[in-house]
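Notes follow once the structure below has been shown.
The values are calculated or read from the model by the stated rules, or taken from the named source; none is laboratory data. Please read these numbers as outputs of a predicted model, since none were measured by experiment. Cβ sites come from the backbone with ideal geometry, for glycine too, and all protein chains shown count toward neighbours. When the accessible area is computed, the model is the full protein with side chains, heavy atoms only, and any ligands, DNA or RNA have been set aside. Shrake-Rupley method; radii C 1.70, N 1.55, O 1.52, S 1.80 Å.
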Amino acid sequence: MPKPIISNAFKPVMTGRAVGLLIATILLSLLTASVSHTFLSSYTLFVLSRQMAFSILLALAQAVCLVVGGMNMSVGAIGSMATVIMGLCLQDLGLNPWLTVPLVLLFGLAAGLLNGLIITRLRINSFIVTLSTMFVYMGLRSGISGGSPYTIPDDFGFIGQESLFNISWVFVLVILILAGAAYVFSSTVFGRQLLATGGNENAARLCGIATDQMILWAHGISGILAGLAAVLWASMIGSAAPETGDTWLIGSFAVAIIGGTGLNGGSISIPGIFLGGAIFILIQNGLIDIKANPYFANSFLGGLILLAIVLDRVREIVSAKRNSSEDSNRATIAADPSRPMENFASSVEGTHGGTEVSKRN
C-alpha cells in the first residue's frame, strides 16, 4: 500500500533554510538599526513586535491551507466581514465584548468551513472557490457598513495597545498560537494527517486518512485565524474599520512562502514562519526608513515572493537530482555480480534498512 509523502514535516528545528532565514533576519536588523536611530527604542520594539505578530498570524492562516495542497484567497475578506460583524455587535447591538469575540470567531470558522465544503463536495479548485467568496464577503461588508467604521469600547483595546516589557500582548498571544501549531504538526495524529493529505492526497486516502475532512478542517482553522486577526486589528487601531483585510492577502502568502511552507502541500516550517514574519516587517519598515516610493512597495514584495518561490523550486530540483543519482548508484551496485557480498548487503541496507540484511545473512 502506498505511503503518504510528507516532505520536510519533521526535520530538526533549525534546518539549513531556517538558519539562512535567521542570518537574513540578523543582517536586516543590523542594516535597519544603522539607518534608523530609533530602531532600538522601546516604542519601536513595541510597534514592530505588534506588526510582526499580526503578519505571523495571517501567514499561519494561509499556511494551514497550503499544507493540504490548497490556498485561501479569502483570508482578508473573511477578516473584513468579521470586522463588520464585530462592529454591529459592539456598536449597534451593544453586546459585551466577551460575547462578541466568540461570535466573530464562530463566523470565521463558518466561513472557512463553507470554503472547505464547496472544495471537497463539488471538487472545485480552492483558488476558484476562495477567490469567489472573497468577492462575496467584500461586497457584503461594503453594503452592510456603507464604508463607515464602527465604534468599539475603549477597554477593547487592551490586548492590542498594551505591552509586557515593551513587547505587545498581541505578540505574546501569537507566539502561544504558533507554539500550539508547532505541537500539532509535530506531535499529533491530526497534524500528521494534514501534512500527509498535502504531501500525497491519493496515497493518504489509500492509507485510511479522511482527506476531505482534513481539507475541510484546514479551511475552518484558517477562517478562525482570519477572524482572530480581525479582532486583534480592531483592538490595535481602536475601531472596527470595514476596509480591514484589504491588504492582508499578499502578506499572508509572502510570510508563509518565505518561511518555507510548500506551495505543493505537505510541508510547513513553524520557525520559518516566525522568521519570515520578522523579515517581512523589517523590509516594510526599512522601505519607509529609506523613504522609498510607496507606489513600488507591492512590486518589491511581489518580487520577494517570486524569488522565494524560485529558490524553493531550485532547491527541490537539486534535491530530486541528488536522490535520483543515489538511487541509481544503489541499483548499479545491487545489479553488478562482480561486487563483493558485503557491498551488495550495504546496498540493500541503504534501501530497506538493516533488519532485512541480517535475515539474509
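Descriptive notes on the structure:
- Residue pairs whose Cβ atoms lie under 7 Å apart, sitting 6 or more positions apart in sequence or on different chains, and linking a residue in the stretch 157-170 that is at negative phi to a partner that is surrounded by 13 or more Cβ atoms within 10 Å (Cβ to Cβ) and part of a strand (DSSP E or B), are TRP169/SER163.
- Test: THR261 is crowded, with 23+ Cβ neighbours inside 10 Å, assigned to a loop (DSSP other than H, G, I, E, B) and over 13 Å from the mean Cα position of the chain (by Cα): no
- The sole residue among ILE144, ILE118, ILE128, ILE152 that is free of Cβ contacts under 8 Å to residues at least 24 places away in the same chain and surrounded by 13 or more Cβ atoms within 10 Å (Cβ to Cβ) is ILE118.
- One residue alone among ALA241, ALA210 is aliphatic (A, V, I, L, M) and either at positive phi or open to solvent by less than 30 Å² (accessible area, probe 1.4 Å) (or both), and that residue is ALA241.
- Filter pass, PHE171 being touching a Lys or Arg at 6+ places or on another chain (Cβ under 7 Å) and either hydrophobic (A, V, I, L, M, F, W, C) or modelled with pLDDT of 95 or more (or both): yes
- Considering the stretch 144-237, the qualifying helices (runs of 4 or more DSSP H), each wholly inside and each with 1 or more residues that are among the aliphatic types (A, V, I, L, M) and under 21 Å from the mean Cα position of the chain (by Cα), run over 169-187, 189-199, 211-237.
- Summed over the stretch 297-310, residues that are under 11 Å from ILE257 (Cα atoms) and surrounded by 13 or more Cβ atoms within 10 Å (Cβ to Cβ) total 4.
- For the stretch 122-143, a residue qualifies if it is among the aliphatic types (A, V, I, L, M) and part of a helix (DSSP H, G or I), and the qualifying residues are LEU122, ILE128, VAL129, LEU131, MET134, VAL136, MET138, LEU140.
- Some residue of the stretch 88-95 being surrounded by fewer than 19 Cβ atoms within 10 Å (Cβ to Cβ), at pLDDT 95 or above and polar (S, T, N, Q): no
- Identity of the residue in the stretch 202-246, among the small types (Gly, Ala, Ser) and free of Cβ contacts under 8 Å to residues at least 60 places away in the same chain, that ends up nearest to TYR150 (Cα to Cα): ALA210
- Residue pairs meeting the criteria (Cβ under 9 Å; at least 6 apart or on separate chains; first without any contact (Cβ under 8 Å) to a residue 12 or more places away in the chain and within 13 Å of ARG17 (Cβ to Cβ), in the stretch 304-320; second open to solvent by 70 Å² or more (accessible area, probe 1.4 Å) and not in a helix (DSSP H, G or I)): GLU316/ASN264
- Scanning the stretch 282-296 for residues that are part of a helix (DSSP H, G or I) and either buried (at least 24 other Cβ atoms within 10 Å of the Cβ) or charged (D, E, K, R) (or both) turns up just one, ASP289.
- Considering only residues in the stretch 39-87 that are assigned to a helix (DSSP H, G or I) and among the hydroxyl-bearing types (Ser, Thr, Tyr), the one that is most open to solvent (accessible area, probe 1.4 Å) turns out to be TYR43.
- Scope the stretch 186-207; condition of a type in the set (A, V, I, L, M, F, W, C) and open to solvent by 20 Å² or more (accessible area, probe 1.4 Å); matching residues: VAL189, PHE190, LEU206, CYS207
- Scan of the stretch 127-145 for residues that are of a type in the set (S, T, N, Q) and modelled with pLDDT of 95 or more, ordered by number: THR130, SER132, THR133
- Restricting the first member to the stretch 23-40 and to residues that are touching a residue at least 24 places away in the same chain (Cβ under 8 Å), and the second to residues that are among the aromatic types (Phe, Trp, Tyr), the beta-carbon pairs closer than 7 Å and six or more apart or on different chains are THR32/PHE39.
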